[in-house]
Amino acid sequence: MSITSEPSYVVRRENAILPPERWCRNGNACLWGNCKFRHERCKHYDAWIKSGKSGRPLCRSFLTDPSSNKSPENGGCRYDHRDRNTLLEFVKYLPCSTDEVLWESFVDKGIREAANDVFIVSDMKDHDIELLLRSLENEDIEWEWCGKDYIHILF
């Protein structure tokens, strides 16, 4: 009796089966144009927009049917209906080692200077404030809130 074995195969990268990319949990509420998770355009929605929004769209999302505010997990359309022109670029952090560098990095995002190392953040959007805090943590700069709209940065 002879023992035979199947030939062994080497799985190379080009032959490997990759797991499917995970859908973005935020779906149509995702703000980021460079989101690393899966966003596929909805062909039905794009056709409805192309037709000048005439008739009833074939998909049901909160954009096409205001009475249907279902998330993809609850039966809503899981495809992307976002306007690509309004999406933002996700940035992990910006340089902010000194107050001059911080000012250059965040002046276009709405930060204003109030006094010595105290900045007003009331005109900044939430994601820009989060970017500011991530940037300060990245540079190991201590900071503290001084009321709701003021941040004291300890350079």
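Cβ-Cβ contacts under 6 Å between residues 6 or more apart (or on different chains), taken from a first residue in the stretch 131-154 that is within 17 Å of Gly110 (Cβ to Cβ) and among the aliphatic types (A, V, I, L, M) to a second residue that is assigned to a loop (DSSP other than H, G, I, E, B) and modelled with pLDDT under 95, are listed as Ile153/Asp117.
Please find, among Ser135, Ser97, Ser122, the residue that is assigned to a helix (DSSP H, G or I) and among the small types (Gly, Ala, Ser).
Values: Ser97 fails: assigned to a helix (DSSP H, G or I); Ser122 fails: assigned to a helix (DSSP H, G or I).
Going through Ser135, Ser97, Ser122 in turn, the sole match is Ser135.
For the criterion of being modelled with pLDDT under 95 and farther than 30 Å from Ile49 by Cα, Ser97 passes. Scanning the stretch 23-38 for residues that are part of a loop (DSSP other than H, G, I, E, B), in contact (Cβ under 8 Å) with a residue 40 or more places away in the chain and surrounded by 12 or more Cβ atoms within 10 Å (Cβ to Cβ) yields Cys30, Leu31, Gly33, Cys35.
With respect to the stated conditions, His44 is of a type outside the set (D, E, K, R), free of Cβ contacts under 8 Å to residues at least 60 places away in the same chain and outside any loop (DSSP other than H, G, I, E, B). Against the numbered list (1) touching an Asp or Glu at 6+ places or on another chain (Cβ under 9 Å); (2) of a type outside the set (A, V, I, L, M); (3) under 24 Å from Leu31 (Cβ atoms), Lys92 comes up short only at (1). In the stretch 71-114, which residue that is aromatic (Phe, Trp, Tyr) and buried (at least 18 other Cβ atoms within 10 Å of the Cβ) is nearest to Glu130 (Cα to Cα)? Filtering the stretch 71-114 for residues that are aromatic (Phe, Trp, Tyr) and buried (at least 18 other Cβ atoms within 10 Å of the Cβ), the one nearest to Glu130 (Cα to Cα) comes out as Phe106.
The values are calculated or read from the model by the stated rules, or taken from the named source; none is laboratory data. Keep in mind it's a predicted model, so treat the numbers as computed, not measured. Cβ: placed from backbone, ideal geometry, glycine included. Neighbour counts: every protein chain shown.
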